[in-house]
Amino acid sequence: MTVKNFKNLKNKRKIVMLTAYDSIFSSLFADTVDAILVGDSLNMSFNGNDDTLNITLDEMIYHSKAVKRGSKDTMVILDLPFGTYTNKKEAFKSAKKAYQKAGVGAIKLEGGEEKADIVKYLCDNNIAVMGHIGLLPQKVRNLGGYFIVGKDEESKQQLLKDAKAIELAGVFAIIIEGVVKETASFIAKNINIPLIGIGSGNEVDGQVLVYTDMLGLYEKFTPKFSRKYANISNVVRESVQKYKEDVLNSNFPNDKESF
Ligand code: KIV
């Protein structure tokens, strides 16, 4: 999937994205999804931290390289971490490193109107950029929590300004997170690039989910908007328990499993 093909999916069919943080899962997702996001959510749902803020670009690159190894032809997008795109030069340096070291097809960054000049600079220098508006997890310490956005007219109009500003700056698609359904639907109808929702209802151009939520692997917290399609944690626990019993009873390994 190229950025151009991805963009052209708008108004044709819904776009399907998942996060992945390693090659095992990216190889399982690659044939089915349109793009894989190496989200900085990995700092919480894979690395066990309380928020996304202390992951480094080098760590994101390490995970993206692993994801790329399993991703076949599926586009991989690296999420620029907190503090790596505060100005044009720094953003380009980070994106260039992501391109050259991880070989990803695009980067994602959080922010709307206030980040438009940075987005434009990246796009003008041939970096494919995915935007991210609405609830921005990299603002969590500043705001003191995660809050749903787009509840009133003022917030709805600001989101539209954000989406239009980064569309004009050159992003090929935008993720909209934690926004009330009607507002997200309104934004999707008023831009010409795909709007991919997470926790933003089903009247957008596609969906992205954090795979550790949708497979039931992350047990600390399951967001209201996520759907558990499996409960892999239980499968893992039962398997490890069975393995333990087999070892304790000398049932593992058996003769076929021995030399
Ligand atoms: O980091 C991430 O996984 C994300 C998604 C929530 C879109 O940005």
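What follows draws every value from the coordinates through simple rules; no lab data is involved. Worth saying up front: this structure is predicted, and the values here are computed from it rather than measured. Reconstructed Cβ throughout: ideal geometry from the backbone, glycine too, with neighbour counts over all protein chains shown.
Below are the figures for this structure:
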item	result
Ranked packing of 101-110, 215-224, most packed first, by mean Cβ within 10 Å	101-110, 215-224
Global geometry of the stretch 137-258, whether rounded, prolate or oblate, following the gyration tensor of its Cα atoms and the 1.5 cut on a/c	prolate
Shape category assigned to the stretch 81-148 from the gyration tensor of Cα positions, a/c cut at 1.5	prolate
For the stretch 1-76: relative contact order, % (alpha-carbon pairs under 8 angstrom, 6 or more apart)	39
Potential extension, N249-A230 segment - 0.36 nm per residue separation minus Cα distance	3.8 nm
Estimated 222 nm signal from helices in the chain, with DSSP H stretches of n ≥ 4 weighted -39500 (n - 2.57), rounded to 500	-11000 deg cm²/dmol
Cα-based shape type of the chain, given that a ≥ b ≥ c are square roots of the gyration tensor eigenvalues and the cut on a/c is 1.5	prolate
Chain lengthening between E154 and D124 when straightened (0.36 nm per residue, less Cα-Cα)	7.7 nm
Dipole magnitude of the stretch 21-173 about its Cα centre (Cβ charges: Lys, Arg +1; Asp, Glu -1), debye to nearest 20	500
Relative contact order (%) - criterion: Cα under 8 Å, at least six apart; region: the chain	16
Amide hydrogen neighbours beyond the local backbone of I15, cut-off 5 Å, H modeled	G206, Q207
Hz values of 3J(HN,Hα) by residue in the stretch 193-201 - Karplus curve (6.51, -1.76, 1.60), Gly and Pro given as x	10, x, 10, 9, x, 9, x, 9, x
Extended-chain gain in nm, criterion 0.36 nm per residue less alpha-carbon gap, E113 and M1	37.5 nm
Under-5 Å amide H pairs with A20, H placed in peptide plane, nonlocal only	L37, V38, G39
Relative contact order, percent, the stretch 1-131 [alpha-carbon distance under 8 Å, six or more residues apart]	23
For H132, residues with placed amide H under 5 Å, excluding near neighbours	L109, G111, I175
Table column - 3J(HN,Hα) (Hz), the stretch 5-20, Karplus curve with 6.51, -1.76, 1.60, x for Gly and Pro	5, 4, 4, 6, 6, 4, 6, 9, 8, 6, 9, 10, 10, 9, 7, 8
